[in-house]
Amino acid sequence: MPENALRERLLEATRRRGYLVLCACSVAVHAAISTRELPQGNWRAATVALLSAALLPVILSRRVSAQRLDTLVVWCANIGAGYFLWDFSSRGLDLGARESLTVPLFFAVWFGLLPLKQAALRGGVLYLVLAALVLSRWPTDPVPLLYTGFLLFLIGQMTVTVRQLQQELSRTARYADLALTDPLTGLLNRRSMERRLEDHYSPQASAPHAAAITPPITGERAAPIGILLIDVDLFKAVNDAYGHDTGDRVLVAVGQTLRACARSGDLAVRWGGEEFVLLVAAGERAALEHICARIHRALAEQDWPQALPRVTVSIGAALSSEAQEAAELLKLADCRLYRAKDAGRARMNMDDVQASDLTGEARSFSAAPLELTPSR
């Protein structure tokens, strides 16, 4: 998974946990306050506790997207701020510890989820109204109001700093994704694959780079991985007959098929041109044969978009245990790929031949014409 997408998922999970903790704390605090105030006829704290409890199942529900959850939390903060000012005014309270801790919660939500201008506007209005209510009871001690204002300023300043850091990290991650991702298909690119193979054959030498691509497929070199070198059959004929735009759409469709056939831990890569690679976590011949069968079946059964020709792929398979280094493994898979093409295409080849036995076998295969028909 690209680094940017992984970060987004982690941030969403972190936000949900933060909202969950915030609501749970609100329930606990206001429930404790209500036990003291309910006997006196004050139902406000109990109402807040019930409303906070009602938000818990919404936060836990995966059916509510993170964006909608953010919007809901902002609206709760808006309503909560209005309720706080009404309660503060109607009860004629002084600005104490409880009020000084409540106001920053609204600021934290606004500055954390809204654009800076909107957050500053809401925060400024809240503080000005609060200051007007406090100063209307003059003479009064202005120190709590000043301390509260200073705390709110710190929240806003820290938010601006954090957002700038996030933007810089996001920009860096985006550049990293561009360097390791194929722009047409969205799959990882050749550089990602080469680095991953280097990590497998020399894990200590390449360990710092492993996390930049993906979590390790295997923790030990002794556990082999599998590689499928996949070539779209007669792709030049597709470009000649339908144009390069259609050819690009075919590559995207094949890439999506490979991604769908890949299991958790497998890596789908665009190797270059019409060639793809699938790095398989299970280093067993039976696993490679099973995945190849899934790929061929998925391409045959795929509901291709109108006017796209149905295509087949030839596959050369190899195990890392059959080669001493990444270059030998790729050479072995490449040889088997073109043996599959020589044998008639639309098939897998995993002949019993070792990479050390190869002496630069040429990519010579018949380029006999093949009729291409639209999917519909």
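The values are calculated or read from the model by the stated rules, or taken from the named source; none is laboratory data. None of the values given here were measured: they were computed from a predicted structure. Note: ideal-geometry Cβ built from the backbone for every residue, glycine included; neighbour counts use all protein chains shown. Side chains are part of the model used for accessible areas, which takes the heavy atoms of the whole protein and leaves out ligands, DNA and RNA. Shrake-Rupley method; radii C 1.70, N 1.55, O 1.52, S 1.80 Å.
Restricting the search to segment 288-311, which residues are over 14 Å from L228 (Cα atoms) and part of a helix (DSSP H, G or I)? Listed by number, the residues that qualify are R297, A298, L299, A300, E301.
Restricting segment 39-84 to residues that are polar (S, T, N, Q) and part of a helix (DSSP H, G or I), which is most open to solvent (accessible area, probe 1.4 Å)?
Going through segment 39-84, the residues polar (S, T, N, Q) turn out to be 40, 42, 47, 52, 61, 65, 67, 71, 78.
After this cut, where a residue has to be part of a helix (DSSP H, G or I) as well, the list is 40, 47, 52, 67, 71, 78.
Details: Q40: 147, T47: 54, S52: 13, Q67: 126, T71: 75, N78: 38 Å².
Top of the filtered list is Q40.
If you go through segment 86-117 and keep only what is acidic (D, E) and open to solvent by 70 Å² or more (accessible area, probe 1.4 Å), you end up with just D94. Among the residues of segment 18-26, are any open to solvent by 60 Å² or more (accessible area, probe 1.4 Å), at pLDDT below 85 and over 19 Å from P104 (Cβ atoms)? Within segment 18-26, not a single residue is open to solvent by 60 Å² or more (accessible area, probe 1.4 Å), at pLDDT below 85 and over 19 Å from P104 (Cβ atoms). Taken together, the residues in segment 183-220 that are modelled with pLDDT under 85, small (G, A, S) and under 18 Å from A268 (Cα atoms) amount to 4.
The set of residues in segment 149-182 being at pLDDT 75 or above and open to solvent by less than 40 Å² (accessible area, probe 1.4 Å) consists of G149, L152, I155, G156, T159, L180, T181, D182. Among residues of segment 135-157 that are closer than 16 Å to A119 by Cα and assigned to a helix (DSSP H, G or I), those with a beta-carbon under 9 Å from a residue that is of a type in the set (F, W, Y) and open to solvent by 30 Å² or more (accessible area, probe 1.4 Å) at least six positions away or on a different chain give the pairs G149/Y127; L152/Y127.
Where residues in segment 244-287 are of a type in the set (A, V, I, L, M), closer than 15 Å to V232 by Cα and assigned to a helix (DSSP H, G or I), which of them is most open to solvent (accessible area, probe 1.4 Å)?
V252
Test A362 against the criterion of being modelled with pLDDT under 90 and assigned to a loop (DSSP other than H, G, I, E, B), and give yes or no. Judged against the criteria, A362 is a match.
So which residues in segment 271-305 are in contact (Cβ under 8 Å) with a residue 60 or more places away in the chain and either closer than 19 Å to D199 by Cβ or aromatic (F, W, Y) (or both), if there are any at all? Result: W271, F276, V277, L279, A281, G283, W304. Would you point out the residue of segment 339-349, among those that are within 16 Å of C292 (Cβ to Cβ) and in a helix (DSSP H, G or I), that is most open to solvent (accessible area, probe 1.4 Å)? Top of the filtered list is R339.
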